[in-house]
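Rule-based calculations on the coordinates, nothing more; no lab input. These numbers come from a predicted model, not from an experiment. FYI the Cβ positions are ideal-geometry reconstructions off the backbone, even for glycines, and counts take in every protein chain you see.
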Amino acid sequence: MQWFDALVQGVLLGGMYAQYALGMALMFGVMRIVNISHGDLVILLSLIGISMAMAWGLGPFTVLIILVPLGVFMGWLLQKAILNKVVGSDPLPSLIATFGLSIALQNLMLQIWSANSRSLPGEGIESRSIDIGGIYIGLLPVIVLVVATGLTWGLDLTLKRTRFGRALRAAAADVEAAAMTGINPRAVYALATAIAVGILGFAAVFQALRSTVAPADGAAQLIYAFEAVIIGGMGSVWGAFIGSMVLGISQGIGFRIDPGFGVLAGHIVFLIVLATRPQGLFGKA
Amino acid sequence: MTMTVISQAPVEPPAVTVRRQTPSGRIAMTLAVLGLVALAAMPWWASTGTIRSVLVLCCYIAVAQMWNLLAGYAGLVSVGQQAFMGAAGYALFVFAQTLGINPFVAVFLSLLVPAILAVPLYLLLHRLDGPYFSIGTWVVAEVFRLVASNLPLVNSGAGMSLRVMSQYSAFERNVAMSFLCALMLLVTLGGSYWLLRSRFGLALIAMRDNPVAAASQGVNVAKLRFLIYVAAAVGCGLAGAVYFMAQLRINPPSAFDPMWANVAIFIVMIGGIGSIEGVLIGSLIFFIADRWFGEYGATYFVVLGLMTLLVALYARTGIWGMISKRWDAPWFPIRRTLVDPDR
């Protein structure tokens, strides 16, 4: 029962990671770019949300409604101002550029919000739980998981069914051929990054509700998102979702074995997947 | 089936000589040798405080040059070299403090650890493509940090002290530190220069410019990358062992501090990637900036981050790239120039 509980908690934790991993899978799948400041953007959005909630007494839902469009705007700006200049076959410029941005963002946040951990007041939902057959499940983690599933489903459908999704997949497969058929790759890229960072708006609210955030936390979020994407298999939205579940379960069980072992267990499962199935659980060899 | 023999007219080799050194290179080489001698002789002219500062500068140069070899030539952008620095640092402490080996022997013995660890790690990480390789190296450094935090052999999260150093006088320690500094630069900078001037250097430069084209010309790109990764692990290990020997204390957050990745990336990108000159310029700039602006803390790092971002966007060759565009006077010439003595 104790292990089943760890499993359930792991799946719920995976829901949180999925919200980080989706944006990364989208950006890497489309532009072959890994945005090193991915985690820092989540923290930045969280801190902005917390400050707004404090200043104007907003509830978490209102904060979410503000943060998601703000994330979309930040993503669009990131693409226009920085990423469009470094996207290309050489991965070095985009890595270095987003690495520099990550250092700058982290320290800027440190300056504005100090190193203290903060969290978003959740009007009680963060402490409510449901009792299912002897296992107490927090209401908030369930909401996180449901939202993560909804986002994955929606993103998958957008990629498969819409005009934008087709343009995106075409640009991902062959930029020049896509441009010849009348697709503007830069516009597609800008929209992809806007969606990716917009999803981080959800992650920002839920992260701040679930636990605390501090300016230096971004690096860990980046690493979890990355591990989830690799475990699941690159370029697949549902792969990133399942990868997040695997990572969450590994950490959940690891934490139950020994509190100092939780995060390490996630890393070890990641390395095992890398050694035995480098294309990821759902990737094509 | 008939065989036709194509007779080849003997081709007279053109009467040219290959020039590999330049006047600027000779001056720089003289200065470099003098600099190394001055470094090794520090105990006789510098205070302990100066030696400590110079030691940190030498570690910056060594780590940056290793990153430069990885990212600038082999196309392996690692953000986790601190894994090897910490591993060698811990190995030194275990050998010298726990096992009682002479610390000055243990420094060299500790280099075995990063060398041995680098082999399986590369086999694992090279499966990751481009940017994913980078974050993969970071995960490895995190794994090292978490393992060290849970390993009783290295006193878990509490860290270790190098108490055995107290049996040596301050002067003896200064001599050892100075000698190690000089050796570290000789191995990392001198070794890189030697490598770049050798046959492998040609292959490395070809690989830097275009790995696919280099492979088509017979360069074994996979093997070369592997060798560079192991060599960089050992170079960073040496820097780590020397740095923590001077610190006398090691704990998991300091041993596997991602700050080193920031420093290496900043130095190489600002100075100029793919050149030894760039590493020297970048290291000096960072060292001076750190002294002058370090007190501004977060603001200083915001500026560093933004500068790295701007260099990646607008000036990818860094300062040395701009200088060498104007003046063709390399400090460490690696080109082969054909000279016709008749002309």
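Using mean Cβ contacts within 10 Å as the protection proxy, how do B:215-224, A:194-203, A:216-225 order, highest first?
Values: B:215-224: 13.6, A:194-203: 27.3, A:216-225: 22.0.
Highest to lowest by the protection proxy: A:194-203, A:216-225, B:215-224.
Couplings 3J(HN,Hα) of the range A:42-50, computed from phi: 4, 5, 4, 4, 4, 5, 4, x, 4 Hz, in residue order, whole Hz [Karplus 6.51 cos²θ - 1.76 cosθ + 1.60, θ = phi - 60°; x for Gly and Pro]. Across the range B:227-236, coupling constants 3J(HN,Hα) worked out from phi with the 6.51/-1.76/1.60 Karplus curve, θ = phi - 60°, read 5, 5, 4, 5, 4, 5, 5, 5, x, 5 Hz, and Gly and Pro carry x. If one puts a single equal scatterer on every Cα of the range A:13-78 and applies the Debye formula without solvent, what log₁₀ I(q)/I(0) results at q = 0.12 Å⁻¹? For the requested q values the scattering log ratios are -0.35. Sorted on the mean count of surrounding Cβ atoms within 10 Å across their residues, most packed first, peptides A:106-112, B:70-76 read B:70-76, A:106-112. A helix-only calculation puts chain A at -25000 deg cm²/dmol for mean residue ellipticity at 222 nm, using -39500 (n - 2.57) for each DSSP H run of at least four residues, averaged over all residues.
Spatial offset of the range A:108-170 relative to the range A:1-65 amounts to 6 Å, using the alpha carbon center of each.
As a test of the definition: which semi-axes, in Å, follow for the protein assembly as shown when you take the square root of five times each eigenvalue of its alpha carbon gyration tensor? Largest first, please.
Numbers: eigenvalues 382, 211, 110 Å².
Equivalent-ellipsoid dimensions as semi-axes: 44, 33, 23 Å.
Once every Cα of the range B:258-327 carries one equal point scatterer and solvent is ignored, give the base-10 log of I(q)/I(0) from the Debye formula at q = 0.16 Å⁻¹, two decimals. After summing over all Cα pairs, the log10 values are -0.51. Here the average projected area of the convex hull drawn through the C-alpha atoms of chain B stands at 23.8 nm². Here the gap between residue B:296 and residue B:315, fully extended at 0.36 nm per residue and compared with their Cα-Cα distance, gives a gain of 4.2 nm. Remark: mean inter-chain Cβ contacts per residue of B:138-147 equal 4, using a 10 Å Cβ-Cβ cutoff to other protein chain atoms. Dividing the convex hull volume of the alpha carbon atoms of chain A by its residue count gives 134 Å³ per residue. Here the label points at residue B:322 and residue A:216, each 7 Å from Cα along the C-beta direction, are separated by 3.4 nm in the simple model.
Packing order of peptides B:283-291, A:9-17, highest average first: A:9-17, B:283-291 (average count of other Cβ atoms within 10 Å over each peptide's residues). Ranking A:57, A:259, A:223 by Cα position along the charge dipole of the protein assembly as shown, where only Lys, Arg, Asp and Glu carry charges on their C-beta atoms, puts A:223 farthest toward the positive end.
Classify the range B:62-135 from the C-alpha gyration tensor, please: rounded if a/c falls under 1.5, else prolate or oblate depending on whether a/b exceeds b/c. The partial results should precede the final answer.
Working: a/c = 3.16, a/b = 2.18, b/c = 1.45.
Note, shape of the range B:62-135 comes out prolate.
Database remark: amide H of residue A:138 closer than 5 angstrom to the amide H of A:130 (H placed geometrically; neighbours at sequence offset of 5 or more, or on other chains; Pro and chain starts carry no H). Note on chain B: GNM, Cα springs under 10 Å; of B:327, B:67, B:138, the largest mean-square fluctuation is that of B:327.
Compute the helix-to-body angle for A:185-210: its Cα long axis versus the longest principal axis of chain A, expressed 0 to 90° and rounded to tens. Compared with the principal axis, the helix lies near 10 degrees.
The simple spin-label model puts a point 7 Å past each Cα toward its Cβ; for residue B:108 and residue B:288 those points are separated by 3.7 nm.
Residues of B:71-82, mean number of Cβ from any other protein chain within 10 Å of their own Cβ, rounded to a whole number? If you can, show how the numbers build up before the last one.
On the way: counts 3, 1, 0, 0, 3, 0, 5, 0, 3, 0, 0, 0.
So the per-residue partner count for this stretch is 1.
With respect to chain B, whose longest principal axis is taken over its alpha-carbon atoms, helix B:112-125 is tilted by about 60°.
Counts of other chain beta carbons within 10 angstrom of each beta carbon in peptide A:85-95 average 4.
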